[in-house]
Every structure is written in C-alpha cells, then in structure tokens.
Amino acid sequence: MAADKKLWIAWENDGSIRSRVLAKAMNAQYYTFTRFEKSKRLFFLRYPLAMIQTFLAVAKKKPDVLVTPDPSVLLCFLAAVIKPLFNYKLIIDEHTLYISPTGIKKAVMDFLGNYYFKRCDMVIVTNEPYKIRMKESVKNKEIFVLPDRIPNFDYTFKQTELK
C-alpha cells in the first residue's frame, strides 16, 4: 500500500514553529495561505481568499490526511465542511485554548468548534492536562498528546562580553 498523502494547511504566518516542525516530521506537504494578512486596505479579502486557496489545494492534492491548526477556527470549520467531498482523515492540532468569549462571539465559536470537533478523526494536543480538558468537550475522538519539540535549525553562537 502506498504511503498516505498528507497535507498540512495553516492560515497564519506567525512563525509557527510547531506546525512547520510537525508537518516535516510527518512528511506532510505544508501550505500557509496568508495573503493580505498585513494589509489594512485589503484585509477583508484575507479569509475569503484563504478559503478558496485551501479548497483548491485540497482538490489538487487529494490528501488522505489533512491537518489543520486550531486556532484557525475558520480553517478547521472549512476543513470539516469539505471533508465529505474529498474523503480525507481530518486531524486538528489544538494547541491553544481560546480565552472564553462571551455573548454572540461565544455562541459562534461554540458552534464552529462543535462542528469541526464532531467531524474530525483525531485531535493533537501539547500536554496531558490539555488532553484531560479537551476530553470534557470532545467526545468519542482520539486525543493524542504530542509535546512541542525543538526544531532543527542552523544556528551559531557569538561570544559576547558581559559588561
């Protein structure tokens, strides 16, 4: 049997070492869609364009496994919505609990989160206490603990004098 085709998509280009390191370790193609992220004038196009880019990447690559980081609530939601079209396993790398919002924001976040957690195949978290907390809200899903690891990168140390 051929190796699974794995795709890791992120919508943040915040230097997320975790996503890059894990994608490389699992031999997944890594895509980040961040056009207009820093544009004040065209920022409103950021998420619609990222949704289109995500859909097209999934349609072109036809992955067996798709990994998305959360947060990126809209990305996780989109991945869950299109999952039946492409029949992939959806893994959510849940590495930040959002601060409990209130009002309409809480209702929207709860709806979106409930939707994608019901449809994902696995959740990855960074530590055991986080896993315990996630089990309260994510039922009947495998929750796997995968701590952050030190990335492989080139570095040199310069000797500096202390003053």
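None of the figures in this text is laboratory data; all of them are computed from the coordinates on show. From a predicted model like this one, the values you see are computed outputs, not experimental measurements. As a convention, Cβ positions derive from the backbone with ideal geometry for all residues, glycine included, and neighbour counts pool all protein chains shown.
Between the residues T68, G113, L56, the greatest Cα displacement towards the positive end of the dipole of the stretch 1-129, with unit charges on the Cβ of Lys, Arg, Asp and Glu, is found for L56.
On C-alpha positions alone, give me the angle between the axis of helix 103-119 and the longest principal axis of the chain, in degrees, nearest 10. Relative to the chain, helix 103-119 is tipped by roughly 80 degrees. For the chain, the longest principal axis of the alpha carbon atoms and the long axis of helix 46-61 meet at an angle near 80°. Modelled spin-label separation between D148 and N114, with each label point placed 7 Å from Cα along the Cα-to-Cβ direction: 3.2 nm.
Using a 10 Å cut-off around each Cβ, can you sort I91, I104, I17, I9 from fewest to most neighbouring Cβ atoms?
Numbers: I91 23, I104 8, I17 13, I9 27.
Fewest-to-most ranking of I91, I104, I17, I9: I104, I17, I91, I9.
Among S137, S19, the ranking by other beta carbons within 10 Å of each residue's beta carbon, starting with the fewest, stands as S137, S19. In terms of surrounding Cβ atoms within a 10 Å radius of their Cβ, V145, V73, V58 rank from fewest to most as V145, V73, V58. For M26 and K135, the FRET efficiency from 1/(1 + (r/R0)^6), where r spans their Cβ atoms and R0 equals 25 Å, is about 0.60.
What full-extension length gain, to one decimal in nm, is calculated for V81 and L45 as 0.36 nm per residue of separation minus the Cα-Cα distance?
On the way: separation 36, 0.36 × 36 = 12.96 nm, distance 2.04 nm.
Length gained between V81 and L45: 10.9 nm.
Quick check on my link table: of K5/K83; K38/K62; K6/K60, which ones sit more than 19 Å apart, alpha carbon to alpha carbon? Display every interim value, and only then the final one.
Numbers: K5/K83 15 Å; K38/K62 30 Å; K6/K60 13 Å.
Those over the limit are K38/K62.
Over the C-alpha atoms of the stretch 6-145, the Rg to Rh ratio, Rh being the Kirkwood estimate, stands at 0.95. If only the Cβ of Lys and Arg carry +1 and only the Cβ of Asp and Glu carry -1, the dipole of the chain around its Cα centre is close to 440 debye. To the nearest 10 degrees, how steep is helix 128-137 against the longest Cα principal axis of the chain, on a 0 to 90 scale? Result, in degrees: 20.
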